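*Asks:* Quick one: the structure is below, questions incoming.
Readers should treat all values here as calculations from the given coordinates under stated rules, not as data from a laboratory. Given the structure is predicted, the values throughout are model-derived calculations rather than measurements. Using ideal geometry, Cβ is built from the backbone for each residue, glycine included, and neighbour counts are taken over all protein chains shown.
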Amino acid sequence: MHAPGLAETSAFVAVLEQKSFTKAAKQLGLSLPRVSELVRNLEERLGVRLVERTTRSVSPTAAGERLLERLRPVLDDYQAALESTNEFREKPAGRLRLTVAPPAADSVLEPVVADFLALYPEISLDVSVDGGFVDIVAGRFDAGIRAGQQLERDMIAVRVSNELPVVVAASPRYLAEHGEPKTPQELSRHNCLGVLLPSGATIPWRFTMKGRRVEAHLEGRLNANTTMLLRAAVEGTGLVQGLRDIVEPELAAGRLVTVLDDWAPPPVEGWFLYYPSRRHVRPALKALVDFLRERRR
């Protein structure tokens with residue numbers, strides 16, 4: 001039996017990571033029939049079915065799952081080895097895949113991305129804007145940008161913004177119907193919309209007044225990890241605690257008003273660009289890290 005080639009294994013990994021032959025073909029720059037042929041050839045060479053195909057879904061068999069788990073680090077090392085030669089280029093090159101929280105995309109990346117691409121013409125960026133919590137290793141992202149308190153401990157984090165002010169807000173309609181809370185203790189009588197963590201818990205609401213800190217673990221009727229919380233607050237569902245940058249457009253339009261201003265929540269650490277500590281730092285990623293760090297200064 002001839003050993004499978006890199007093209008076959010790369011096609012197999014792309015199909016399962018994209019959960020689609022069509023998307024894998026686009027990612028690899030190949031035709032759909034060619035990708036199907038490569039995966040079929042791999043299965044025939046190994047003598048085992050690796051991919052379950054239906055008209056609506058693509059998923060690994062038990063053998064395919066095991067092979068995928070073993071191939072991912074091998075292909076990562078292979079790619080890193082090739083890209084290590086970029087260190088000898090005059091300027092770094094390559095494609096970076098980033099997952100970015102929506103407000104960070106607006107406040108951190110959008111103002112500087114054109115300058116970065118002009119400075120590094122051989123670097124390309126794929127930016128996925130997602131309000132949820134993304135596993136950058138499983139998602140095959142090079143790096144992410146999230147608030148500091150959302151990062152896993154095994155990540156290297158580089159600050160790319162200053163601290164971020166936080167507010168508590170509600171719609172005028174909600175306050176007219178339910179009254180305005182004057183202290184954090186009164187929040188137990190209100191519907192407090194919670195930001196959901198991957199563990200299923202919600203982020204506690206924090207407050208400060210004259211150096212005194214208060215933390216409230218509240219149970220609202222709607223918890224989520226997306227910006228639907230802001231829309232729900234605008235529609236009068238309940239109170240929301242969030243970054244002022246996110247809430248500001250609704251405040252300016254009068255759709256939300258702040259409450260508990262005397263108990264101003266402590267600011268969030270800020271936005272951080274992060275990547276796995278065990279991963280080799282590609283020259284293109286290092287260029288982005290250095291660029292964002294310098295722009296913050």
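*Asks:* Residue farthest toward the positive end of the dipole of the chain, with Cβ of Lys/Arg at +1 and Asp/Glu at -1: which of Trp205, Val167, Val48?
*Replies:* Val48
*Asks:* Could you line up Ser36, Ser199 from fewest to most neighbouring Cβ atoms inside 10 Å? Walk me through the intermediate numbers first.
*Replies:* Values: Ser36 18, Ser199 7.
Ordered from fewest to most neighbouring Cβ atoms within 10 Å, Ser36, Ser199 come out as Ser199, Ser36.
*Asks:* Given the alpha-carbon gyration tensor of segment 166-263, what are the semi-axes of its equivalent ellipsoid in whole angstrom, ordered largest first, with each equal to the square root of 5 times an eigenvalue? Please report the intermediate quantities before stating the final value.
*Replies:* Values: eigenvalues 64, 57, 36 Å².
Each semi-axis is √(5λ); the values are 18, 17, 13 Å.
*Asks:* Expressed as a whole percent, how much of the Cα-Cα distance distribution for the chain exceeds 31 Å? Write down the numbers at each step before the final one.
*Replies:* Details: 19662 of 43956 pairs.
Cα-Cα pairs of the chain separated by over 31 Å account for 45 percent.
*Asks:* What number, rounded to the nearest 500 deg cm²/dmol, is the helix-based mean residue ellipticity at 222 nm of the chain, given -39500 (n - 2.57) per DSSP H run of at least four residues and division by all its residues? Don't skip to the end; give the middle numbers.
*Replies:* Numbers: 9 runs with 102 residues, N = 297.
Result for the chain, helices only: -10500 deg cm²/dmol.
*Asks:* Note down the nm distance, to one decimal, between modelled labels 7 Å out along Cα→Cβ at Leu197 and at Asp261.
*Replies:* Each label point lies 7 Å from its Cα, and together they span 3.2 nm.
*Asks:* On to the next question. Which whole number of Å³ per residue matches the convex hull of the alpha-carbon atoms in segment 6-84? Walk me through the intermediate numbers first.
*Replies:* Details: hull volume 6.7 nm³, N = 79.
Value for segment 6-84: 85 Å³ per residue.
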